[in-house]
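Each reported figure results from applying straightforward, stated rules to the coordinates on display, with no laboratory input. Quick caveat: nothing in here was measured; it's all calculated off a predicted structure. Cβ sites come from the backbone with ideal geometry, for glycine too, and all protein chains shown count toward neighbours.
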Amino acid sequence: MAQTPLVQPLILARLRWPIFEPLISIKVLETDHESTSAPTTWRNLFENPHHSLAAESITEPPTSRMLVNCDDVHRHDYWADAEDYDSRPRSLLIENLDGKPISVGQFVEKVHAYLGGMKDLMWDLFGLLKDEQTRMWVARVSAPDPGDDNVYSVGLVWDNQLDQHWENNMRLLRAAAAEATTL
């Protein structure tokens, strides 16, 4: 049985990804795998030239096809209350017909556009005023559930949850750096 490709958590933990801002606002945390101290240098993922992380495979093992949805939208109570599951936004298909692995840059560009296209829907579902300055960030990409058409689910955090989310990411990155130094 083939192993399910999983989004690499250390890659996602390094991204600071606001969903309703231009691609150039997505930042990568530079890391020093020789040190367990907190990394503090940020670089734009899509600056010219693109950050090297943009060329890496988003999953391990690499895959050339992914279906992606926004968990917060897809599972929102509205769809059950309205008995209107068929009106949920369709999952995003990212596919390289040549079999090349989906890269971090490709994944981020496609998902960013997909989420941006749902801005008004999200404002309505989450009860936000369209002129509010509330920002949302990509927090996680969950492993596909075989019973749900193998769809990867993107989870979001709001500004008021970002500090806690970032603390969790830093713990994960520090633990990985400490483990790398013991190998």
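Rounded to the nearest 20, the size of the Cβ-charge dipole of region 6-182 about its Cα centre is 520 debye, with Lys and Arg at +1 and Asp and Glu at -1. In a fully extended conformation the segment linking Arg174 and Leu23 would gain 51.7 nm over its present Cα-Cα distance, using 0.36 nm per residue.
What residue among Ala80, Ala139, Ala13 shows peak mean-square fluctuation when the chain is described by a Gaussian network model with Cα springs under 10 Å? Largest GNM mean-square fluctuation: Ala80. In this structure, the amide hydrogen of Cys70, modeled 1.01 Å from its nitrogen in the peptide plane, lies closer than 5 angstrom to those of Val154, counting only residues at least 5 positions away or on a different chain. With the simple spin-label model, which puts each label point 7 Å out from Cα in the Cβ direction, the Phe126 to Glu95 separation comes to 3.0 nm.
If R0 is 45 Å, what FRET efficiency do you get for Glu47 and Tyr78 from their C-beta distance, rounded to 0.05? The value I calculate is 0.75.
Taken over the Cα atoms of the chain, the convex hull encloses 144 Å³ per residue.
Residues whose amide H falls under 5 Å from that of Thr63, counting only those 5 or more places apart or on a different chain, are Ile102, with hydrogens built in the peptide plane. Couplings for region 159-175, taken from phi via the Karplus curve 6.51 cos²θ - 1.76 cosθ + 1.60 with θ = phi - 60°, read 3, 5, 10, 5, 4, 5, 4, 5, 4, 4, 4, 4, 4, 4, 5, 5, 4 Hz in order; Gly and Pro are left as x.
Looking at region 6-182 only, what percent of DSSP beta bridges run antiparallel? Nearest 5 please.
85
Once you keep just the Cα pairs under 8 angstrom separated by 6 or more residues, what percentage relative contact order results for region 6-182? Relative contact order for region 6-182 comes out at 29 percent. Taking the longest Cα principal axis of the chain as reference, the axis of helix 104-116 is set at about 30 degrees. How large is the helix-only mean residue ellipticity at 222 nm for the chain, computed as the sum of -39500 (n - 2.57) over DSSP H runs with n ≥ 4, divided by its residue count, in deg cm²/dmol to the nearest 500? Value at 222 nm, helices only: -9000 deg cm²/dmol. The modelled label-to-label distance for the pair Ser64/Tyr85, using points 7 Å beyond Cα in the direction of Cβ, is 3.2 nm.
Cross-chain or 8 or more residues apart, Cα under 23 Å: how many lysine pairs in the chain fit that? Count them up, please. Within the chain, the lysine pair count is 5.
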